[in-house]
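The values are calculated or read from the model by the stated rules, or taken from the named source; none is laboratory data. Worth saying up front: this structure is predicted, and the values here are computed from it rather than measured. Using ideal geometry, Cβ is built from the backbone for each residue, glycine included, and neighbour counts are taken over all protein chains shown. All accessible areas refer to the heavy atoms of the entire protein, side chains included, with ligands and DNA or RNA removed. Shrake-Rupley method; radii C 1.70, N 1.55, O 1.52, S 1.80 Å.
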Amino acid sequence: MYELIYPVCEAPVLPSAVRFTAVNGAGLPSGKAGRAADKGGKAGEEPDEWLPVVEPTGEVVAQAPREFIHSSGDILHPVVHLHIINRAGEIYLQKRSPYKDVYPGLWDSAAGGHVRYGETTVEALFREAREEISFEDFNPVLLDNYVRAAHGEKELVYAYAAVGDFTPTPAGEEVTEGRYWTPAAISRARDTGVLTPDFEFEYEKIHLSLEALL
């Protein structure tokens with residue numbers, strides 16, 4: 001499925017998350033339009049951020065707080081990844097902050113993150129690219145989508161690409177640096193603890209499709 005399918009009416013709160021919202025004071029959602037708006041700051045800094053709960057087909061069946069979804073570990077929710085390839089065939093990677101909870105200090109895809117409830121995957125992609133690498137003037141191409149369970153989460157991943165001689169600029173505290181890598185350099189770095197396992201897994205799936213865009 002190439003895009004999320006939201007219900008006509010507001011999706012229900014996941015039943016198992018109702019008690020969580022009461023205990024943690026997260027509050028119940030007040031409408032998807034308000035939550036889809038950019039509230040400022042990096043996604044994940046807001047404990048009351050609401051995420052869609054989805055089927056593997058992309059159908060949105062419920063919603064729940066991000067913190068609850070992460071604590072559960074087996075609730076499927078959508079994320080987006082952006083891969084940038086320049087005209088020379090080099091791939092832009094970001095280096096994750098050493099303070100990140102997951103894969104600190106490792107090199108990863110250009111940008112990525114969770115889709116907030118009410119967002120499309122493309123809206124989330126542009127938000128994450130803007131927040132992480134100050135990058136927003138690009139034409140996204142969907143390469144793949146798949147389900148992956150790793151690092152305590154179960155994600156419906158949408159992998160996008162952008163092609164061009166761009167100059168992204170790491171922004172905020174979550175990305176310490178970024179640069180273009182040749183495919184040969186990526187191959188040498190694999191299984192050495194330099195790249196995130198998520199990137200290595202996805203790059204194996206999409207690198208031929210990525211190169212075919214040139």
Ignoring ligands and nucleic acids, ASP165 exposes an accessible area, probe 1.4 Å, in Å² to the nearest 10, of 110
If unit charges are put on Cβ atoms (+1 for Lys and Arg, -1 for Asp and Glu) and the dipole of segment 69-214 is taken about its Cα centre, the option from GLY193, LEU210, TYR99 lying farthest towards the positive end turns out to be GLY193
Computed about the Cα centre, the charge dipole of the chain from +1 Lys/Arg and -1 Asp/Glu charges at the Cβ has a magnitude in debye, to the nearest 20, of 140
Given a Förster distance of 41 Å, the FRET efficiency implied by the Cβ-Cβ spacing of ARG190 and GLU123, rounded to the nearest 0.05, works out to 0.80
Magnitude of the Cβ-charge dipole (Lys and Arg +1, Asp and Glu -1) of segment 145-214 about the Cα centre, nearest 20 debye, reported as 200
Kirkwood-based Rg/Rh on the Cα set of segment 119-190 evaluates to 0.98
Out of ILE186, ILE91, ILE133, a Gaussian network model of the chain with alpha-carbon springs under 10 Å gives the largest mean-square fluctuation to ILE186
Once the mean of 1/r over all distinct C-alpha pairs in the chain is inverted, the Kirkwood radius in Å reads 17.6
With Cα coordinates, the longest principal axis of the chain makes an angle with the long axis of helix 15-24, in degrees rounded to 10, of 90
Counting only backbone N atoms under 18 Å from a point 7 Å out along Cα-to-Cβ of ASN139, the residues of segment 49-91 in range are 83-89
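Evaluate the charge dipole of segment 120-163 about its Cα centre and quote only its size in Debye, nearest 20, assuming +1 on the Cβ of each Lys and Arg and -1 on the Cβ of each Asp and Glu.
Using Cβ point charges on Lys, Arg, Asp and Glu, segment 120-163 gives about 160 debye.
In deg cm²/dmol, rounded to 500, what helix-only [θ] at 222 nm does the chain give when every DSSP H run of at least 4 residues adds -39500 (n - 2.57) and the total is split over its residues?
Values: 6 runs with 58 residues, N = 214.
It comes out at -8000 deg cm²/dmol, rounded to the nearest 500.
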